[in-house]
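Below you'll find the structure, written out as structure tokens, and then a few comments.
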Amino acid sequence: MLQEIPEKYETKKVEEQINQFWNETDAYHKTREGRKNGKKFFFVDGPPYTTGHIHMGTAWNKVIKDSILRYRSMNGDAVTDTPGWDMHGLPIEVKVEEKLGFQSKKDIETFGVGNFIQECKSFAIEKKGDMTNQFKALGIWMDWDNPYMTLKDEYIEAAWWVIQKAHEKSLLEEGKRVVNWCPRCETAIADSEVEYMDRDDDSIYVKFPVKGEQDFYVVIWTTTPWTIPSNVAAAVHPDAEYVIVKATREDGKVERLLIGKESVPLIMKRGKYPSHEILETKKGSDLQGLEYTAPLAAEVPAQAEMAHAVYPADYVSLDNTGIVHIAPGHGLDDFNVGSKFGLPIFCPVGSNGSYTKEAGKYAGMNIREANDIIIEDLKSKDLLLSQGKINHRYGHCWRCKTAIIYLATEQWFLDVGKIKDEMLNAIDNEIEWTPDWAGSARFRDWVADARDWCISRQRYWGIPVPIWTCPDCKKRAVFGTKQELITKAQLTGDIELHRPYVDEVTLECECGGKMVRTKDVFDVWFDSAVASFATLGFPGRTDLFEEKWPADFITEGHDQTRGWFYSQLGASIAAFGKTPYKSVLMHGFTMDKDGKKMSKSLGNVVTPDEVIEKYGADVLRAYSLSSSAPWDDLKFVWDDVATVNRTVNILWNVYKFPLPYMVLDNFNPLEHPAESLIGSMREEDKWILSRLQSTVAEVTEAMDEKTLHKALRGLFNFILEDLSRWYIQLIRPRTWTEANDPDKLAVYATLYETYVTIAKLSAPFMPYLSETMYQNLVKNIDENAPLSVHMNDWPAPKEIFVNAELEEHMEIVRNVVEASSNARQKAGRKLRWPISRIVVVPTDEAVAAALTHLRDVLLEQTNAKDVEVLAVGEAWKDLDVQMTPNQSVLGPTFKQDAKKVSDALIEAGAKSLKEVFDRVEEMELSLADGTTVTITADMVIFEELIPEGIAGSDSDCGMVYVDAKLTKELESEGYTREVIRRIQDMRKELNLAVDDQITAAVLIKDQHVSDLIKDMTSLIATEVRAGELILNPDAASGDLIKEWDIEGIQMTIGISGKKA
RNA sequence: GGGCCCGUAGCUUAGCCUGGUGGAGCGUUCGGCUGAUAACCGAAAGGUCCUGCGUUCGAAUCGCAGCGGGCCCA
């Protein structure tokens, strides 16, 4: 049996009930079980980092995933829905360090690495639990009991396996490179871990003395004084022009400066040189080999040993001095220049950001603290041309926000250069991108520019690098699985693959030495890079891998271009030479209402929790999916969430509306499927069913194209425009009839078909609401129906209901009704008052056909007694025409006779002139004096004159006139409806049930109106379910008595109710 | 500084690929409806289509340059 539902849509109750239902019935597992033999759809979840709380972006991400998985599942696919968790890495280490009050790595060593990673592990597992609950609250159906976790040994093995393969293919390299280095975390960090923020730094111009010359300098600019002790060269752009300037100082001293030609004004200003003169112009390439003396040779002994000279480099820009200071130990470009010209890689800075012994005078100092001292030293030697501060964007450690430095260190690299072509080929040919440019432009550009990937980190909480090296003979062993290690190391028991346990494993080398593990752990990005096969248990097991890999689908935000899209592709190409995923949907970010990033410091963060609390999970889901294209950024606007909520609420109201009638009538949809009642259906029933099929097609197409916003908008548009605003309005009277006739059954069946289909169509997006509708509409009727809406097949358009012409005709009628309302408003006639007719001048035959076809709908909705459809282009004969002579044309044409012509035109009359000019462009007109002139169409201006009581409104379908002139009958009906409305209103006020009987008394003093109503009392009585209705008793009486003013007419109405 | 995306009414957006009178929703104002009713419907006002230049008979749409926002990189 169908059941009535609560008056109000209460999301909390719905979600609570449905969650309980899902839990009790194990609906999730049964749904997956039901599709296990379907077409495989291998989805891989990009693992969120276990921070403990999800934000709007994470929520949106999972909602997209869940919607697509539910959609695929309803289409019969056996979906893989393993959620993932990213649980290693510096962010957690930093959190744990904060918690334990640690300052540096030394504190960790003292605490014990074993204890430390235990803390990290507990943290990650606890947060994973918290976040799982948050995702569940969003209605996300994933295999929450069996997620993949990067900290599991089985998972770690996948990373090891890739490294072993990379090693075998010579893609693994160890070497000295310049890396981003966090001096606090004392580790290398990946490009992707560098966060750019504004920062104040020194800005100094330094004079390098040219060797063997007096007062001749090469001038460079830098923001890092601390790198001057590491300087080994200066670089110029080979194609740029440089000048030697003779510059006179304020103190009269004359210097010669080598700078870029364009830099002269700037440098003269910075160095406060009152006058100067250009001595010589040189091309950059001609400057190569120009030697200079190290500025800090005295302070840094090693500097005195090295040669310093000018070299060309293409990357040099002409900003500042046009000459760049080169410290190969502290910059990537510098390092490359150094390598190219065989310069020493001098790097007297240690891992904690302090100078080493090699730095001479500065040894032991923190580099940033040394800045001022170095500046002073340069100043004292008169080598400082200028000194200032600059605010610029500079890289910081993404976790601890410390300003990074660049250090040349020994690291492990994945040689991306060797596999880049394969990666690009996969992007171009093997992966389907949504939107297309995500792959063809954005990701492609990133990969094309990618450098070797530094995968080693000098930290603790991560996947240990599986490389063992013999300190004596340098022989190396790389392990791909735990078992391999156990066997080779001849271990007896099991072993955990984390530090410090794995560090204790040593191997006997062929040379007799003892091989020890490289102390590094992996870059945490390398963890998730192996997710596509680690989630399948590979290499521990291979069956699932062979069956499913590579992924059919992944979807992540556009930041993952540099992240997961890249890391996965790199790892898979390195290991298997194949792409790990076949299609990608790249989605956007959630921004605040102004399109700004949500951040704690800006105080503009909105959490998913808040939204669920206020509007529920379904509304949050529907909002985030519908308000922008997946790949565009989503501006979070509360007002718009409220609008979506309103739409969902309308769906609830629409769904609720017929239930009391259906329940009362014991309507059984199984006995009366819509298909069987087509013969009894009115045109509007067939119309809504046709629109329903179009909507099914539209939503399906949108989902297949991954344009989820279009799917939601199509669905909502149908619910709002077609169902709520039109169909429900049309059929309301039919649901009130008490007779059990086929006409009413047709409405029930139509509504039922529509609602069940809507429940299925909205299932991927609003899993709770759709389920509650389905449970009532379907499960309450048919025990054999699938347990959950989510176990149903995705609806396909039913051909039998498709009728494109009917849809087109109804569209026209709606247009005309709208124009009619507009005209009514102009005529000042409320809809409640009938009008004698509407007159339409159709723009084309289709409009005429539609109005004839759907005449009943048109009459009903316009509350008109008749409709006249004129022929296309026909003028309505009741319309008066007013003509005005166009003096601005008549004047110049007829000069002094203009007045006479004008008079003659007025004499001829508007109507007859209009008839003529409707047919031809010009006519002969006789004037009063007997002469004849030629009148052209542009000499007269016609205006339609609408008769009294009629109003017109233009529409796409043509002019629509309403004839609002009253007749006695119309007036009588108008007042009758006014009275009915008032009594209904009072019934409502007394909280009477629909079928309660009343007695009513209506007192109207106005004789005219009273007479108009007199013959209508039985009609009124029927409409308001009054057993007795008395017109004009001595006094109104009843439980409720009210005074009404209707169009200036006073009425007193009293009613009494009694329970049916 | 570079790559990609976005810029349309007060706000959120459709239209842009394939050039031809810019269309919705929210909000505002006015009105209507009244057994979906703390709901619903209609109308009006509101636009330098980010700016400039170009192509074209014609540009929101195509091209170039710039400005602003986002992501990524340097």
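Read-outs: derived from the displayed coordinates by stated rules, not from any lab. Model, not experiment: these values are computed from the prediction. Neighbour counts are summed over all protein chains in view; Cβ atoms, including those assigned to glycine, are modelled from backbone coordinates with ideal geometry.
Observations on the model:
- Looking at A:Trp446, A:Trp468, just one residue is in a strand (DSSP E or B) and in contact with a Lys or Arg (Cβ under 7 Å, 6 or more places away or on another chain), and that residue is A:Trp468.
- Test: residue in the range A:356-365 that is within 15 Å of RNA strand B (Cβ to nearest atom) and in contact with a Lys or Arg (Cβ under 7 Å, 6 or more places away or on another chain): no
- Pairs with Cβ under 6 Å, 6+ apart, first in the range A:813-840 and polar (S, T, N, Q), second within 11 Å of RNA strand B (Cβ to nearest atom): A:Asn815/A:Ser955; A:Asn815/A:Asp956; A:Asn822/A:Ser953
- Qualifying residue in the range A:447-456 (condition: in contact with a strand residue (DSSP E or B) (Cβ under 6 Å, 6 or more places away or on another chain) and more than 16 Å from RNA strand B (Cβ to nearest atom)): yes
- Restricting A:Lys710, A:Lys706 to those that are among the basic types (Lys, Arg), more than 13 Å from RNA strand B (Cβ to nearest atom) and over 17 Å from A:Thr750 (Cα atoms) reduces the list to A:Lys706.
- Contact map, the range A:1022-1037: residues that are surrounded by fewer than 18 Cβ atoms within 10 Å (Cβ to Cβ) paired with residues that are of a type outside the set (A, V, I, L, M, F, W, C), Cβ distance under 7 Å, separation 6+ or inter-chain. Pairs shown: A:Gly1027/A:Gln997; A:Gly1027/A:Thr999; A:Glu1028/A:Thr999; A:Leu1031/A:Lys1014; A:Leu1031/A:Thr1017; A:Asn1032/A:Ser1010; A:Ser1037/A:Gly1054.
- Residue in the range A:421-430 that is closer than 17 Å to A:Gly570 by Cα, β-branched (Val, Ile, Thr) and within 15 Å of RNA strand B (Cβ to nearest atom) present: yes
- Complete set of residues in the range A:731-765 that are free of Cβ contacts under 8 Å to residues at least 12 places away in the same chain and more than 9 Å from RNA strand B (Cβ to nearest atom): A:Pro733, A:Thr737, A:Glu738, A:Ala739, A:Asp741
- Restricting the search to helices (runs of 4 or more DSSP H) fully inside the range A:958-1060 and requiring at least 3 residues that are within 11 Å of RNA strand B (Cβ to nearest atom) gives A:968-989.
Residue-wise test of (1) out of contact with any Pro (no Cβ under 7 Å at 6 or more places or on another chain); (2) surrounded by 23 or more Cβ atoms within 10 Å (Cβ to Cβ); (3) without any contact (Cβ under 8 Å) to a residue 40 or more places away in the chain.
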| site | (1), (2), (3) |
| --- | --- |
| A:Ala78 | yes, no, no |
| A:Met87 | yes, yes, no |
| A:Leu90 | yes, yes, no |
| A:Glu97 | yes, yes, yes |
| A:Phe102 | yes, no, yes |
| A:Asp107 | yes, no, yes |
| A:Phe111 | yes, no, yes |
| A:Gly114 | no, no, no |
| A:Glu126 | yes, no, no |
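- Criterion: under 22 Å from the mean Cα position of the chain (by Cα), part of a helix (DSSP H, G or I) and away from RNA strand B (no atom under 16 Å from the Cβ) - qualifying residue of A:Lys95, A:Lys30, A:Lys12, A:Lys65: A:Lys65
- Check on A:Thr700, under 29 Å from A:Glu783 (Cα atoms), away from RNA strand B (no atom under 11 Å from the Cβ) and either in a helix (DSSP H, G or I) or without any contact (Cβ under 8 Å) to a residue 60 or more places away in the chain (or both): yes
- Test: residue in the range A:712-722 that is over 29 Å from A:His853 (Cα atoms) and charged (D, E, K, R): yes
- Selection count where residues are away from RNA strand B (no atom under 16 Å from the Cβ), assigned to a loop (DSSP other than H, G, I, E, B) and surrounded by fewer than 17 Cβ atoms within 10 Å (Cβ to Cβ), scope the range A:298-322: 3
- Flag for A:Ile728 being buried (at least 21 other Cβ atoms within 10 Å of the Cβ), of a type in the set (Val, Ile, Thr) and either under 26 Å from A:Val63 (Cβ atoms) or within 14 Å of RNA strand B (Cβ to nearest atom) (or both): no
- Check on A:Asp86, in contact with a Gly (Cβ under 8 Å, 6 or more places away or on another chain), of a type in the set (D, E, K, R) and closer than 23 Å to A:Ala551 by Cα: no
- Any hit, the range A:667-678, residues being among the β-branched types (Val, Ile, Thr), away from RNA strand B (no atom under 16 Å from the Cβ) and on the phi < 0 side of the Ramachandran plot: yes
- Number of positions in the range A:349-371 that are surrounded by fewer than 21 Cβ atoms within 10 Å (Cβ to Cβ) and more than 24 Å from A:Lys269 (Cβ to Cβ): 15
- Candidate set from the range A:598-626 (those that are assigned to a loop (DSSP other than H, G, I, E, B) and in contact with a Ser or Thr (Cβ under 8 Å, 6 or more places away or on another chain)); member that is nearest to RNA strand B (Cβ to nearest atom): A:Met598
- Scanning the range A:752-780 for residues being farther than 19 Å from A:Pro6 by Cα and either among the polar types (S, T, N, Q) or over 27 Å from the mean Cα position of the chain (by Cα) (or both) gives a total of 4.
- Any hit, the range A:627-646, residues being buried (at least 18 other Cβ atoms within 10 Å of the Cβ), in a helix (DSSP H, G or I), within 15 Å of RNA strand B (Cβ to nearest atom) and among the hydroxyl-bearing types (Ser, Thr, Tyr): no
- Condition met for A:Ile345 (hydrophobic (A, V, I, L, M, F, W, C) and more than 13 Å from A:Ile228 (Cβ to Cβ)): yes
- Residue list for the range A:579-597, restricted to those being away from RNA strand B (no atom under 13 Å from the Cβ) and either of a type in the set (S, T, N, Q) or in a loop (DSSP other than H, G, I, E, B) (or both): A:Thr579, A:Pro580, A:Lys582, A:Ser583
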